[in-house]
Amino acid sequence: MKKILSLFSLLMLFSCSKKLFNEKWTKEKAPIDFRAKFETTKGDFEIYAKREWSPQGVDRLYSLIKNGFYTDIAIFRVVPNFVAQFGIHNDSIINSKWDKYGVDDEPVLVKNDSMTVSFARGGVKTRTTQIFINLKNNNRLDELDYDSVKGFPVIAKVTKGAENVLNFYDKYGDKLGYQQDSIQKYGNKFIKKNYPKIDFIIKATLLKK
């Protein structure tokens, strides 16, 4: 009986995860530009993305928002006067699926000024789901050379609600930035138990023009 229940649980988990990921989503193209709203535990903010800034990066951002990835997502890394970062899903299976489809690296065409948005990355073709908002002018990120990749291409800009972004809880600093493996494995349960004051993205939606 236990084996049957375990198999049923696995099938249910796979079924739920499948609804939140489809390989074809990794090939979706964004429009020339678009706007989106992020609802958070500190209030809403809106972004404007333009495809020419980083075509493949903006394509990925568009697909993630369109297909509901940024739902109940922890803003796990808020470093004062630097960045606010998020993009690890509560479902480890969803994370592993998206991580297999890294976005090709592109040149930096727009400066990492305050309230611009870029993908986090850790080497060649590692832009997947994690993004960060610059909390000040971080222009050194335009040229930063790390693990054979130069710079962090801007994909969007915050156009409304910057005051809410600046109000994200930041007293944990970079602590959770060094525990991403635990977040990937244990999800929001780990965060809420150990870092209860963390803010969350409630959901993100595309806005009609």
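The values are calculated or read from the model by the stated rules, or taken from the named source; none is laboratory data. Just so you know, these numbers come straight off a predicted model, no measurement behind them. Positions of Cβ are backbone-derived with ideal geometry, glycine not excepted, and every protein chain shown enters the neighbour counts.
From the list 125, 66, 111, 136, which residue is under 21 Å from residue 35 (Cβ atoms) and surrounded by fewer than 16 Cβ atoms within 10 Å (Cβ to Cβ)? Reasoning before the result, please.
Values: 125 fails: under 21 Å from residue 35 (Cβ atoms); 66 fails: surrounded by fewer than 16 Cβ atoms within 10 Å (Cβ to Cβ); 136 fails: under 21 Å from residue 35 (Cβ atoms).
Residue meeting the stated conditions: 111.
Write out, first by first residue and then by second, each pair whose Cβ atoms fall under 6 Å of each other, whose residues are 6+ apart or on separate chains, and whose first residue, in the stretch 92-109, is more than 14 Å from residue 63 (Cβ to Cβ) while the second is among the acidic types (Asp, Glu).
Pairs found: 108/142.
Of all residues in the stretch 151-179, how many are closer than 23 Å to residue 57 by Cα and in contact with a Pro (Cβ under 8 Å, 6 or more places away or on another chain)?
We begin by selecting, within the stretch 151-179, every residue closer than 23 Å to residue 57 by Cα; these are 151-162, 165, 177.
Adding the requirement that they be in contact with a Pro (Cβ under 8 Å, 6 or more places away or on another chain) leaves 151, 153.
Number of matching residues: 2.
I'd like to verify a number: residues in the stretch 27-55 that are hydroxyl-bearing (Ser, Thr, Tyr) and closer than 16 Å to residue 111 by Cα, how many? Before you say what the answer is, go through the steps one by one.
Taking the stretch 27-55 first, the residues hydroxyl-bearing (Ser, Thr, Tyr) are 40-41, 48, 54.
Remaining after also requiring closer than 16 Å to residue 111 by Cα: 48, 54.
Total satisfying the criteria: 2.
What number of residues within the stretch 139-160 are outside any strand (DSSP E or B) and surrounded by 20 or more Cβ atoms within 10 Å (Cβ to Cβ)? Give the derivation first.
Going residue by residue through the stretch 139-160, those that are outside any strand (DSSP E or B) are 139-144, 147-148, 151-153.
Subset that is surrounded by 20 or more Cβ atoms within 10 Å (Cβ to Cβ): 141, 151-153.
Adding up the residues that qualify gives 4.
Determine, yes or no, whether residue 123 is touching a strand residue (DSSP E or B) at 6+ places or on another chain (Cβ under 8 Å) and modelled with pLDDT under 95.
Numbers: touching a strand residue (DSSP E or B) at 6+ places or on another chain (Cβ under 8 Å): yes; modelled with pLDDT under 95: yes.
It is true that residue 123 is touching a strand residue (DSSP E or B) at 6+ places or on another chain (Cβ under 8 Å) and modelled with pLDDT under 95.
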